[in-house]
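Worksheet: the structure to be examined is printed underneath.
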Ligand code: GTP
Ligand code: MG
């Protein structure tokens with residue numbers, strides 16, 4: 001194959017005749033100016049002779065075509081500069097979040113120090129996910145027994161001594177206020193929605209977003225997984241996210257778009273999201289139980305369950321299974337709530353489906369699924385509905401400290417915004 005310069009020099013090729021260019025690997029027509037060749041001419045030709053030759057060659061072409069081509073190169077170069085700027089921003093905005101190896105060992109050592117804990121008991125506890133004093137102190141004895149296989153007397157003793165070590169008991173409301181004043185929050189990406197939530201998604205609570213399909217539940221979950229990784233002053237917690245997907249709707253593509261919207265390196269953002277696909281309700285329960293060990297180890301600051309009761313609704317069918325279903329959901333929700341007690345700087349967000357109540361004539365016939373069990377279990381409940389185009393409306397339905405109110409936010413290509 002001929003080189004572009006050979007073709008351009010060769011008189012047997014007529015002006016306008018097409019040929020394949022080996023220099024930039026594209027099809028050209030003789031006599032046209034190509035960006036790659038011009039760049040080549042501009043940056044790599046340094047001898048005076050070459051330059052003179054190029055000027056003579058370039059003079060043969062139409063002036064307007066030349067100006068256009070140079071303008072295009074300039075535009076492209078300024079794009080490169082922008083890209084470099086973005087690279088600089090990426091470096092300063094987001095970092096790899098390190099694992100927390102040392103503090104896990106510290107937790108395990110504390111459990112080891114409890115009276116009566118030998119090698120065998122310690123192994124059983126760690127295997128069942130009770131590797132910190134908090135996890136032992138906050139879990140009901142029956143659950144510790146079931147999961148670790150330890151006897152009831154040993155379990156009772158372990159719980160008592162963990163509570164003593166942690167100084168769990170009555171405390172002054174001033175201490176509670178001190179704790180709540182310093183509570184961390186994750187921005188949703190929309191100032192209005194953050195304000196509605198009292199400053200963003202707070203730690204130490206289970207926050208439920210419910211609404212019909214396409215109301216943005218999954219989009220908010222994706223956005224929070226990105227935002228939790230931001231520095232504190234930008235509305236994040238510099239922590240990783242754990243995403244439990246029960247519906248198969250987690251999309252890394254959306255995470256990439258959202259990261260780009262915030263000028264963040266999407267490779268780092270994706271690396272900092274621990275993903276678990278729950279294939280059925282038992283698997284979902286198991287993933288949350290396993291999460292306990294991961295939270296410390298991986299520095300997880302946000303847990304997402306999308307959606308909370310989808311599997312339960314499809315697996316427990318008919319009135320006869322209702323009591324059993326509600327009991328299992330209740331215990332699953334309490335596993336989540338317990339994680340908030342054990343890890344006070346952890347935020348938990350769940351999505352919930354809705355059901356239509358045909359017998360409601362006045363008011364909203366759309367209600368969150370899961371009945372009273374979910375209503376009592378989640379700390380803050382937010383109802384989402386569609387607005388015009390990209391707009392969505394969020395409404396606080398239940399919160400221990402927030403007034404009822406509404407906020408309008410948008411779902412854009414770059415994620416959640418005002
Ligand atoms: P279900 O899981 O089906 O109950 O719905 P959901 O509430 O989880 O819906 P989801 O959060 O997945 O929202 C889907 C909607 O987000 C789509 O219908 C779009 O309106 C919007 N959306 C998703 N991706 C984009 C995007 O790239 N650009 C814009 N503008 N909107 C998007
Ligand atoms: Mg969804």
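Each value in this text was obtained by applying a stated rule to the coordinates, not by laboratory testing. As the structure is a prediction and not an experimental result, all values here were calculated from the model. As a convention, Cβ positions derive from the backbone with ideal geometry for all residues, glycine included, and neighbour counts pool all protein chains shown.
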Tell me, what are the semi-axes, in whole angstrom and largest first, of the equivalent ellipsoid of segment 250-390 as set by the roots of 5 times the Cα gyration tensor eigenvalues?
29, 22, 14
On each of the three principal axes the extent of the alpha-carbon atoms of segment 177-417, given in whole Å and largest first, is 50, 42, 41
For residue 314 and residue 260, extending 7 Å from Cα along the Cα-Cβ vector and measuring point to point gives, in nm, a value of 3.1
Length-normalised contact order of segment 101-166 in % [C-alpha pairs under 8 Å, at least 6 apart]
34
Computed lengthening from residue 105 to residue 251, 0.36 nm per intervening residue step minus Cα-Cα distance:
49.1 nm
Length gained if residue 297 through residue 171 is fully extended, taking 0.36 nm per residue and subtracting the Cα-Cα distance, is 42.4 nm
For residue 127 and residue 282, what does the FRET efficiency come to when R0 = 22 Å and r is the distance between their Cβ atoms, rounded to the nearest 0.05?
0.75
Label-point gap, in nm, between residue 163 and residue 71 - each point 7 angstrom along Cα→Cβ
7.8
Largest-first principal axis extents of the Cα set of segment 90-211 (Å):
52, 39, 33
Whether segment 132-196 is rounded, prolate or oblate, judged on the alpha carbon gyration tensor where a/c under 1.5 counts as rounded:
oblate
Can you tell me the order of 176-189, 228-241, 331-344, 110-123 when each peptide is scored by its average per-residue count of other Cβ atoms within 10 angstrom, highest first?
228-241, 331-344, 176-189, 110-123
According to a simple spin-label model (label point 7 Å from Cα along Cα-to-Cβ), what is the distance in nm between residue 27 and residue 331?
6.8
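For a quick check: sort 161, 378 by the number of other beta carbons within 10 angstrom, fewest at the front.
In order of increasing Cβ crowding within 10 Å: 161, 378.
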On a C-alpha basis, how far is the centre of segment 239-275 from the centre of segment 172-207 in Å? Whole number, if you could?
23
Assuming R0 = 56 Å, can you tell me the calculated FRET efficiency for the pair residue 390 and residue 153, based on Cβ-Cβ distance, to the nearest 0.05?
0.40
